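*Asks:* Questions regarding the structure given below will be posed in turn.
The values are calculated or read from the model by the stated rules, or taken from the named source; none is laboratory data. Since the structure is predicted, the reported quantities are computational estimates derived from the model, not experimental observations. Because the Cβ atoms are built from the backbone with ideal geometry, glycine has one as well, and the counts that use them run over all protein chains shown. What goes into the accessible areas is simple: the full protein's heavy atoms, side chains included, and nothing from ligands, DNA or RNA. Shrake-Rupley method; radii C 1.70, N 1.55, O 1.52, S 1.80 Å.
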Amino acid sequence: MQYRHAPAANHAALDAVLASAPGRPTLPVRLTVELAGRARVHLPADVPLTVWDPCCGAGVTLAVLGLLVPGLARLVGTDADPEPLDLARRNLALLDPGGLTARAADLEALAARHDKPSYADAATAARALVPASTPAWSVTLADARDTAAVRNALAGAGPYGTGPDLVLADLPHGHRTTWAASPTRPGGAASTPAPDAGAVRAAADDQDPGVEFLRAVATALRPDAVVVAVGRGRTVPLPGGARPLERVRVGHRAAVLVRAGALHEG
């Protein structure tokens with residue numbers, strides 16, 4: 001993938017400032033900024049954006065966006081797992097007035113206590129950071145497939161309460177971040193003729209837990225909102241018939257950009 005919106009930079013210091021949850025993968029900083037930039041192309045120019053991460057975990061993706069991407073009005077994080085949400089609030093608090101100064105003081109105290117230069121370097125980085133946006137933010141326990149919980153978490157989000165403009169989701173994978181149980185879909189009758197290969201692939205995609213998740217996310221969005229989903233492997237499946245705006249691959253990750261309306265129809 002050619003980076004068009006995120007110039008090369010050393011983000012090691014920023015990684016040290018943010019708090020991460022052990023065993024829970026996070027998107028690389030540069031990829032996060034690049035995907036937001038690609039999504040921005042498909043949204044109205046110069047309109048402050050509301051971004052929702054329905055798998056926010058420790059909130060690293062949202063915090064990176066707030067720190068490095070201008071033009072954000074509100075960040076909303078939800079997750080079905082309560083364990084990392086305190087870390088998400090801690091990371092997003094860096095965007096508040098005095099948040100980075102408080103984090104720097106904490107890191108300096110750790111450096112003095114443990115005599116570790118890495119903490120002092122992170123404190124210096126925190127004091128040098130100036131958030132590109134100063135959005136309102138919220139973090140809520142909610143399964144994206146629970147319509148009532150999502151509506152409560154997103155209440156008033158977006159311009160005039162019309163919902164988020166952009167969803168950026170790193171889909172669950174790995175040992176600590178896996179899909180919750182999903183309802184099984186009934187199988188076809190035994191006498192149904194064997195479909196062609198394309199139909200088989202489409203049926204498999206429709207039963208993929210990520211596809212079910214994206215459909216659920218789309219129910220909370222305007223048709224013109226943009227969903228960016230990132231997964232491991234060669235591609236991120238979409239519902240049958242849903243046409244992506246763009247697909248990209250970088251390393252072992254794949255990402256898809258798609259209109260919420262296409263997910264409604266797929």
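*Asks:* Could you check how many residues of region 78-110 are of a type in the set (A, V, I, L, M), open to solvent by less than 20 Å² (accessible area, probe 1.4 Å) and farther than 26 Å from F213 by Cβ?
*Replies:* Keep residues of region 78-110 that are of a type in the set (A, V, I, L, M), which gives 80, 85, 87-88, 92-95, 100, 102, 104-105, 107, 109-110.
This time we only want the ones that are open to solvent by less than 20 Å² (accessible area, probe 1.4 Å), so: 85, 88, 92, 94-95, 100, 104, 107.
Checking which are farther than 26 Å from F213 by Cβ leaves us with 94-95, 100, 104, 107.
Here the count works out to 5.
*Asks:* Could you grab me the full set of residues in region 238-266 that are of a type outside the set (A, V, I, L, M, F, W, C) and either closer than 30 Å to G156 by Cα or touching a residue at least 40 places away in the same chain (Cβ under 8 Å) (or both)?
*Replies:* P239, R243, P244, E246, R249, R253, R259, G261, H264, E265, G266
*Asks:* With the requirement that a residue be open to solvent by less than 60 Å² (accessible area, probe 1.4 Å) and of a type in the set (G, A, S), what does region 137-155 give you?
*Replies:* S138, A142, A144, A149, A153
*Asks:* Among (1) out of contact with any helix residue (DSSP H, G or I) (no Cβ under 7 Å at 6 or more places or on another chain); (2) more than 20 Å from R40 (Cα to Cα); (3) crowded, with 19+ Cβ neighbours inside 10 Å, where does T235 come up short?
*Replies:* (3)
*Asks:* Continuing with the same structure: Out of (1) open to solvent by 50 Å² or more (accessible area, probe 1.4 Å); (2) under 18 Å from A58 (Cβ atoms); (3) of a type in the set (A, V, I, L, M); (4) modelled with pLDDT under 95, the odd one out for A122 is which?
*Replies:* So A122 meets the others, but not (1).
*Asks:* Also, I was wondering about something else. Could you check region 12-82 for helices (runs of 4 or more DSSP H) lying wholly inside it with 3 or more residues that are within 11 Å of the chain's Cα centre (by Cα) and closer than 15 Å to W137 by Cα?
*Replies:* So the answer is 60-68.
*Asks:* With the requirement that a residue be at pLDDT below 90 and of a type in the set (D, E, K, R), what does region 1-37 give you?
*Replies:* Passing the criteria: D15, R24.
*Asks:* Answer yes or no: is there a residue in region 121-138 that is over 17 Å from V17 (Cβ atoms) and assigned to a helix (DSSP H, G or I).
*Replies:* no
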